[in-house]
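Worksheet: one structure, shown below.
The values are calculated or read from the model by the stated rules, or taken from the named source; none is laboratory data. Computed from a prediction, not measured in an experiment: that's the story for all the values here. Quick reminder, even Gly has a Cβ in these numbers, built from the backbone with ideal geometry, and neighbours come from all protein chains shown. Only protein heavy atoms, including side chains, enter the accessible area calculation; ligands, DNA and RNA are left aside. Shrake-Rupley method; radii C 1.70, N 1.55, O 1.52, S 1.80 Å.
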Amino acid sequence: MELRVLQYFLAVAREQSISAAAQSLHLTQPTLSTQLKALEDELGKQLLIRSSRGSRRVTLTEEGMILRRRAEEILSLVDKTEREISASDETVAGDVYIGAAESSGFRLLARAAGMLRERCPMVRFHVSSGDRADVLEGLERGVLDFALLFGNVDPSKYVVMPIPHADVWGALMRRDHPLAEYKSVTAGQILRERLIISRQEFEGSLLQRFLERGASELDIVATYSLCYNASLMVEQGLGIALTLEGLVRTEGSELVFRPFSPALTDTLSVVWRKHQGLSRAAASYLSCLKEVFDQTKVVDYGEQER
C-alpha cells in the first residue's frame, strides 16, 4: 500500500467526489479511478459506494471509514517523523503532540508551552482532548508525545511524572437549583438528582466509590465527553453534571459549582512511552515541564499559588 495512494483515497473521502478529488490532485478522473480500484483489489474490500446515475457523489463503506481513520494517522505520523528527522541540529524546532484529559491542571502544561516558545519560537504544539482510552491509544501508536491522565498507568510501559495539582470533584447546576443554596453537596443529595456524567468508564472509578452506587442505580440522563457541552445541558435543565471544578467558568452565568462533601480530589500525571526516543522539541518541552512543576506548590482544593 503506497502512501501516495492513501493520499488519493483521503482526497476522495474529503471531497466525496472522484471528479472533485481528481481536480484537487491535478489528476485525470480515469487515472484516479484506476488507482482507487487497485487499492480495493489489494485490500479485497469495497471502500467506496458510487452513487447512482445522475450523481457524482461517493460515500465510504464501513471498511472505507476504517481506512480513512487509519490513513489519516499513518500520514500524520509520516509527516511528524519527516519533520523531526529533517530538523536542524542547532535549532530546536518542530512539533509537540499532547493528548489530555479535561482538567484545570492543564494550565501547567500550557505554562510550560509558553516557556518553551519564548526560548524556541519555532516549536508548535498540537493538543487533542479525549478520554483515557483515546489518549492511551494515541501514545501506543506513536502519534502523541505526552499524555495528561488521571489514575494509574502501567509503569513497565510508561514513564509517569505526577503533576503538582489536584482537581476537585463536585456538581455543576443552575443557580435556581435547590442544591445551589448549599456550599457543598453530599452523596446522599446527589443520588436523588438527574445526573449528567462523563462518558468515561464509571464502574470502579473514584466517583463511583464516592457515590457507593453502580451506574444502573443512578438516574443518568446523559453522558458527555467535553464539559462545555455538559454545561449547556445543565443550562437547559436536563440535570446536574458531575464534573471537576474550573472546567466551566460560572462567574456571571446561570450556573454554579458546588464541591462534594466530604471533599473528593483527583490527581494527574504526565505520561510518555518508555524507550520511545523523544524529538528535540519534545525533550525540550519535558525540561520546561519539570521547571514549571518545580516552581508550583499545591494548596487546598488543588488551587495553585500564583
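Considering only residues that are among the charged types (D, E, K, R) and open to solvent by 50 Å² or more (accessible area, probe 1.4 Å), look in region 16-54 and name the one that is farthest from Ala71 (Cα to Cα). This residue is Arg53.
Has region 201-210 got any residue that is in contact with a Lys or Arg (Cβ under 9 Å, 6 or more places away or on another chain), more than 26 Å from Ala282 (Cβ to Cβ) and assigned to a helix (DSSP H, G or I)? Give the steps one after another, and end with the answer.
Narrowing region 201-210 to residues in contact with a Lys or Arg (Cβ under 9 Å, 6 or more places away or on another chain): 201.
From the residues that got through so far, the ones that are more than 26 Å from Ala282 (Cβ to Cβ) too are 201.
Checking the rest, the ones that are also assigned to a helix (DSSP H, G or I) come to none.
No, because not a single residue in region 201-210 is in contact with a Lys or Arg (Cβ under 9 Å, 6 or more places away or on another chain), more than 26 Å from Ala282 (Cβ to Cβ) and assigned to a helix (DSSP H, G or I).
Conditions tested, residue by residue: (1) out of contact with any helix residue (DSSP H, G or I) (no Cβ under 6 Å at 6 or more places or on another chain); (2) closer than 22 Å to Gly130 by Cβ; (3) open to solvent by 70 Å² or more (accessible area, probe 1.4 Å).
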{"position": "Val185", "(1), (2), (3)": "no, no, no"}
{"position": "Ile190", "(1), (2), (3)": "yes, no, no"}
{"position": "Arg213", "(1), (2), (3)": "yes, no, yes"}
{"position": "Gly246", "(1), (2), (3)": "yes, yes, no"}
{"position": "Gly252", "(1), (2), (3)": "yes, no, yes"}
{"position": "Val256", "(1), (2), (3)": "no, no, no"}
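For Gln7, the conditions (1) touching a residue at least 60 places away in the same chain (Cβ under 8 Å); (2) in contact with a strand residue (DSSP E or B) (Cβ under 7 Å, 6 or more places away or on another chain) are fulfilled apart from (2). No other residue among Gly138, Gly114, Gly105 is open to solvent by 20 Å² or more (accessible area, probe 1.4 Å) and either out of contact with any Cys (no Cβ under 9 Å at 6 or more places or on another chain) or at pLDDT 90 or above (or both) apart from Gly114.
For the residues Leu136, Leu108, Leu144, the requirement of being farther than 20 Å from Asp79 by Cβ and touching a helix residue (DSSP H, G or I) at 6+ places or on another chain (Cβ under 7 Å) singles out Leu108.
Any idea which of Val160, Val143 is in contact with a strand residue (DSSP E or B) (Cβ under 7 Å, 6 or more places away or on another chain) and open to solvent by less than 30 Å² (accessible area, probe 1.4 Å)?
Details: Val160 fails: open to solvent by less than 30 Å² (accessible area, probe 1.4 Å).
Just one listed residue meets the conditions, Val143.
Yes or no, residue by residue, for (1) without any contact (Cβ under 8 Å) to a residue 24 or more places away in the chain; (2) under 30 Å from Gly142 (Cβ atoms):
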site: Leu195; (1), (2): no, no
site: Ser198; (1), (2): no, yes
site: Ser205; (1), (2): yes, yes
site: Phe210; (1), (2): no, no
site: Tyr228; (1), (2): yes, yes
site: Thr243; (1), (2): no, no
site: Thr250; (1), (2): no, no
site: Val256; (1), (2): no, no
site: Asp266; (1), (2): no, yes
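The set of residues from region 211-269 being touching a Ser or Thr at 6+ places or on another chain (Cβ under 9 Å), among the acidic types (Asp, Glu) and in a helix (DSSP H, G or I) comprises just one member, Glu235.
Checked against (1) assigned to a helix (DSSP H, G or I); (2) touching a Gly at 6+ places or on another chain (Cβ under 9 Å); (3) among the small types (Gly, Ala, Ser), Ala112 passes all but a single condition, namely (2). Scanning region 146-200 for residues that are among the β-branched types (Val, Ile, Thr) and in a loop (DSSP other than H, G, I, E, B) yields Val153, Thr186. On the stretch given as region 81-100, residues that are open to solvent by 20 Å² or more (accessible area, probe 1.4 Å) and either within 20 Å of Gly142 (Cβ to Cβ) or modelled with pLDDT of 65 or more (or both) total 11.
Would you be able to tell me the number of residues in region 117-135 that are under 21 Å from Gln276 (Cα atoms) and either in contact with an Asp or Glu (Cβ under 7 Å, 6 or more places away or on another chain) or open to solvent by 40 Å² or more (accessible area, probe 1.4 Å) (or both)? Can you show your working first?
Start the filter on region 117-135 by keeping residues that are under 21 Å from Gln276 (Cα atoms), which leaves 123-128, 132-135.
Filter once more, keeping what is either in contact with an Asp or Glu (Cβ under 7 Å, 6 or more places away or on another chain) or open to solvent by 40 Å² or more (accessible area, probe 1.4 Å) (or both): 124-128, 132-134.
Looking only at that region, the number is 8.
Pairing each residue of region 275-294 that is surrounded by fewer than 16 Cβ atoms within 10 Å (Cβ to Cβ) with any residue that is outside any loop (DSSP other than H, G, I, E, B), provided the two are 6+ apart or on different chains, yields C-beta distances under 9 Å for Gln276/Leu139; Ser287/Ala112; Ser287/Leu116; Lys290/Ala112; Lys290/Met161; Glu291/Ala112; Glu291/Met115; Asp294/Pro164.
Within region 253-271, is even one residue modelled with pLDDT under 95, out of contact with any strand residue (DSSP E or B) (no Cβ under 9 Å at 6 or more places or on another chain) and among the hydroxyl-bearing types (Ser, Thr, Tyr)? Yes, there is a match, as at least one residue in region 253-271 is modelled with pLDDT under 95, out of contact with any strand residue (DSSP E or B) (no Cβ under 9 Å at 6 or more places or on another chain) and among the hydroxyl-bearing types (Ser, Thr, Tyr).
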